[in-house]
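Everything on this sheet refers to the single structure shown next.
We did not get these values from a lab; they are worked out from the coordinates using the rules stated. What you see is a predicted model; the values in this text were computed from it and never measured. Ideal geometry is used to build each Cβ from the backbone, glycine not excepted, and the neighbour counts take in all protein chains shown.
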Amino acid sequence: MRYQHLQKIKEIGEKDQKQLEKKTVSIVGVGGVGSILAEMLVRSGVNLRIIDKDRIYEEDLSRQSMYPEELVTRFKAKESKKILESINNKVKIRTFHEELAPNNAYLIVSDCAVDLSNNFETNQLVEKFAKKTPLWVCRTGGLNAMIYFKSPQFNVKKLEKHLNEYPLISDAGIFPSVTHSAATFLYTEIIKILLNRKKSQVKGLITIDSWNHKISVKKK
């Protein structure tokens, strides 16, 4: 059985695994964190909706572990669908090769959404249209990642200064373990949301220092 190891986990089991197979997660951006997260969710039977208008570039291969080098210059949306379906052809995957805008922001409405755009304007748009959709936003750069769960305490407007000051990958580079650490954290919390494990969910502002193996959570 494909999911037998997941089902052996007491927090999941066979019944909850079947629930995961009915859920859909929207991912804005399948770059470093997004591609790793998408692969883990697909391997767990979760359906995906992917929005990304960008191409695969050689300089990004060190952190975007899902893509082989022969796909350089091809579009992420199209290629990610092929790769993910080759991993699990039972999962429903819809990809959109377009930039998120007010006229298509409805695409993020799902059981859970993740904004990995690293773009402040997109962050604002996603939060505006998420409404009842549980939403995570993640930024990565250099040796660090910042992740937060949309709430009255933590939203784009309140974090605007911090978001704008966060190092861009184009300036600070990116340590590959940062993308994996952030994706692993997001995967776990998304599974909790999909299974309605509210008591064990981590909600707040999470910072990950990959170099020093430090994770901090600010709840307010």
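Of the residues 42, 77, 213, the one whose Cα sits farthest toward the positive end of the charge dipole of the chain, with +1 on the Cβ of Lys and Arg and -1 on the Cβ of Asp and Glu, is 42.
Separation of region 121-153 and region 40-64, taken as the distance between their Cα centroids, equals 18 angstrom. If the limit is 25 Å between Cα atoms, which of 150/192; 53/220; 128/219 go over it? Correct reply: 53/220. Globularity index of region 4-218 is 0.96 (Cα radius of gyration / 2.2 N^0.38 Å, N = number of residues).
Each Lys and Arg adds +1 at its Cβ and each Asp and Glu adds -1 at its Cβ; summed about the Cα centre, the chain shows a dipole of about 1340 debye. Toward the positive end of the charge dipole of the chain, with +1 on the Cβ of Lys and Arg and -1 on the Cβ of Asp and Glu, the farthest Cα among 134, 154, 195 is that of 195.
Strictly greater than 16 Å: what percent of every Cα pair in region 1-95 meets that? Roughly 54 percent, rounded to a whole number.
Temperature 20 °C, viscosity 1.002 mPa s: under these conditions the Stokes-Einstein estimate for region 151-220, based on its Kirkwood radius over C-alpha pairs, is 155 µm² per second.
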